[in-house]
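Accompanying notes for the structure given below.
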Amino acid sequence: MFLSAGCALLFAAATLAATKFDHAEYLKPKTEGQKDDHPVKGSIAFDKEKKTVEFVDDKGAAVISIPDDKIKSMLYERTSKPRYAEAILLSPLFLFAHSKKHFLTIQYTDADGQGKFAMIHLDKGNARDVVAAAEAETGKKVERTEER
């Protein structure tokens, strides 16, 4: 009885400390002369105690950590495009179906005061929850643009 109550209390405390969303990809900014890098798969977390937004890769290593007070703006974008490959390979009816992708772009300043951005590809299953958590945890409004 006491063990289960203790575990529930510990789980509740850990849940309050950070809100984490899996199935995200961090798109690294390209530098001049750099080959196309693959996105980093992992999760996005909003930590209340540290007051940061973090992207953690699948191995648990922090890829980027942005303090809430350094965030200048956030933008949620939903894009769509026709499924040409499926239409050619399977059926022309796939031209009427569109693939949708969800992105959260965070514009911030680094320790040197230079403007930076982080672009995160979100999973369609939790994209709205991530946007809601971003607004709630950082206290900043997320602009939204949706392409039809």
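Every read-out reported here was derived from the displayed coordinates using simple, explicitly stated rules and does not represent laboratory data. Computed from a predicted structure; not experimentally measured. Positions of Cβ are backbone-derived with ideal geometry, glycine not excepted, and every protein chain shown enters the neighbour counts.
What full-extension length gain, to one decimal in nm, is calculated for Asp110 and Arg144 as 0.36 nm per residue of separation minus the Cα-Cα distance?
That pair, Asp110 and Arg144, stretches by 9.9 nm at full extension.
Taking a sphere under 15 Å around the Cβ of Pro67 and counting the other residues whose Cβ falls inside, with K and R at +1 and D and E at -1, yields a net charge of -1. Add +1 for every Lys or Arg and -1 for every Asp or Glu among the other residues with Cβ under 13 Å from the Cβ of Ala24, and state the total. Local charge sum for Ala24: -3. Note on Lys101 and Asp22: the model spin-label points, each 7 Å out from Cα along the C-beta direction, lie 2.3 nm apart. On the beta carbon distance between Asp57 and Glu135, with R0 = 30 Å, the FRET formula returns roughly 0.75. Cross-link check: pairs Lys50/Lys124; Lys72/Lys116; Lys72/Lys101; Lys51/Lys141; Lys20/Lys41; Lys30/Lys51 evaluated at a Cα-Cα cut-off of 19 Å; pairs beyond the cut-off: Lys50/Lys124; Lys72/Lys101; Lys30/Lys51.
This ranking places Arg128, Arg78 by how few other beta-carbon atoms lie within 10 Å of each, fewest first, which gives Arg128, Arg78.
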